[in-house]
Amino acid sequence: MRSHAGPGFALLCAICIGALIASSGVARSEGPFTFTVPQSKVLVKISDPLLVQDTASAKPNYLKLTRKEPLLIVSGWLEPAQNYKGLKAFWDGESRSPAFAGARAPIRVEMLREGAWEVVAFDVSVPGAVQSNLRAERVEAGTWIDLHLSTVARDTAPSPKLRAGLLAALRQVQVAQK
């Protein structure tokens, strides 16, 4: 199991407003946010200029960005490729979290592929709203890239538009080798 702790993390990310960790190699410039760690051979570039970094939650190998309007939270980890056991095994572990029990159980769960990304798309009902999520997984140059994209709509029914918006945001994430 990974150090960031599992499925409860997914729900927490959508509720918390967040950040990108400068100590992990994040650079802000006129171009995209760039995230890497010294032991990795990849750079993750996120080009949405409205995303803001939050340095309050600094952890090794971790990134987190937030856009307020429309709400988008992007968080994730870089880990050694050998820690990734495939999308099904990953989701089986995530979905067993107590954070996803009862009324907060994931709904509209769908496994799909978006370019080089393996994706689990799901929604979670929260009081007075629906949280739409993507867990996007990719192995590149010996590094497992785990991204969580989420948004919340003040509605009680899941909207295909929320998921489509998250997939559009994922398409803008670039992965390059150092």
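For region 79-98, the criterion of being over 27 Å from Pro60 (Cβ atoms), charged (D, E, K, R) and touching a strand residue (DSSP E or B) at 6+ places or on another chain (Cβ under 7 Å) is met by no residue.
The residue that is most open to solvent (accessible area, probe 1.4 Å), counting only those in region 79-108 that are within 22 Å of Pro158 (Cα to Cα) and small (Gly, Ala, Ser), is Ala103. For beta carbons closer than 7 Å, sequence separation of 6+ or different chains, a first residue in region 45-57 that is under 17 Å from Ile145 (Cβ atoms) and a second that is open to solvent by 50 Å² or more (accessible area, probe 1.4 Å) and part of a strand (DSSP E or B), the qualifying pairs are Lys45/Gln174.
Do you know which of the residues in region 122-178 that are of a type in the set (Gly, Ala, Ser) and touching a helix residue (DSSP H, G or I) at 6+ places or on another chain (Cβ under 7 Å) is farthest from Gly93 (Cα to Cα)? Looking at the filtered set, the residue picked out is Ala153.
The set of residues in region 140-172 that are open to solvent by 40 Å² or more (accessible area, probe 1.4 Å) and in contact with an Asp or Glu (Cβ under 7 Å, 6 or more places away or on another chain) comprises Pro158, Arg171, Gln172.
Only one of the numbered conditions (1) over 18 Å from Arg171 (Cβ atoms); (2) modelled with pLDDT of 90 or more; (3) of a type in the set (Asp, Glu) is not met by Asp54, and that is (2). Of the residues making up region 109-131, none is open to solvent by less than 40 Å² (accessible area, probe 1.4 Å) and among the hydroxyl-bearing types (Ser, Thr, Tyr).
The values are calculated or read from the model by the stated rules, or taken from the named source; none is laboratory data. These numbers come from a predicted model, not from an experiment. In this analysis, Cβ positions are derived from the backbone assuming ideal geometry, glycine residues included, and neighbour counts consider all displayed protein chains. Surface accessibility is based on the protein's heavy atoms, side chains included, excluding ligands, DNA and RNA. Shrake-Rupley method; radii C 1.70, N 1.55, O 1.52, S 1.80 Å.
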